[in-house]
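Take a look at the structure set out below.
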Amino acid sequence: MAEGDNRSTNLLASETASLEEQLQGWGEVMLMADKVLRWERAWFPPAIMGVVSVAFLTIYYLDPSVLSGVSCFVMFLCLADYLVPILAPRIFGSNKWTTEQQQRFHEICSNLVKTRRRAVGWWKRLFTLKEEKPKMYFMTMIVSLAAVAWVGQQVHNLLLTYLIVTFLLLLPGLNQHGIILKYIGMAKREINKLLKQKEKKNE
């Protein structure tokens, strides 16, 4: 058991070190994005929503085709991948890189690796469910995809994408400040109250 844990820890450390090496040129940008996404200042949440809103309003105004939109998005990623490692040290100053920043960069990369592992783990569980319980897998996929298709039919695609992107960008800050846990706790208390009321009525 201990050997398996050590192997998993060593593999995690190896993957994290590899990711750090790949993203070294993005270090300053990732640290800045991390501060924004974790809401280190009070005006970061409205700034996030403002930037996302402007981006989606621009898309709505231009109304590009799917092919044009995908091409522009990929082109933007290619430009960012080329320009950010060149411009970031000049803008932020690579000589200001401290031990604390390096530690935070390491934590970010470690969290990214863990997130990737969770995604792969859920993907493997889905295929395991398909092999072991094909009927449950079939019903789950049909119901889930039908629900998604219904939501997509009821809500405009661009609006739905806007809501999803905004939520995902606000999620780290919501977790950091305990807002999600707060509302989950409130929901649990309300559910417990309803259950207790039903039990009293049954008695």
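Quick notes on this one:
- Residue identified as at pLDDT below 90, part of a helix (DSSP H, G or I), touching a helix residue (DSSP H, G or I) at 6+ places or on another chain (Cβ under 9 Å) and open to solvent by 100 Å² or more (accessible area, probe 1.4 Å) among LEU181, LEU129: LEU181
- Of all residues in region 152-161 being open to solvent by 50 Å² or more (accessible area, probe 1.4 Å) and under 21 Å from the mean Cα position of the chain (by Cα), the one that is nearest to LYS35 (Cα to Cα): THR161
- Among the candidates ASP63, ASP81, residue that is out of contact with any strand residue (DSSP E or B) (no Cβ under 9 Å at 6 or more places or on another chain), charged (D, E, K, R) and more than 20 Å from GLN22 (Cα to Cα): ASP63
- Whichever residue in region 81-105 is of a type in the set (Gly, Ala, Ser) and farther than 11 Å from VAL29 by Cα and, among such residues, is modelled with the highest pLDDT: GLY93
- Cβ separations smaller than 9 Å between residues 6+ apart or across chains give the following pairs from region 14-32 residues that are more than 19 Å from ALA47 (Cβ to Cβ) to residues that are surrounded by fewer than 13 Cβ atoms within 10 Å (Cβ to Cβ) and β-branched (Val, Ile, Thr): GLY25/ILE86.
- Residue count, region 91-105 (criterion: closer than 25 Å to THR16 by Cβ, of a type in the set (Val, Ile, Thr) and part of a helix (DSSP H, G or I)): 1
The values are calculated or read from the model by the stated rules, or taken from the named source; none is laboratory data. Keep in mind that this is a model prediction, so the values were computed, not measured. Note that each Cβ is placed from the backbone with ideal geometry, even for glycine, and that neighbours are counted across all protein chains shown. Areas reflect the complete protein model, heavy atoms only, side chains present, ligands, DNA and RNA absent. Shrake-Rupley method; radii C 1.70, N 1.55, O 1.52, S 1.80 Å.
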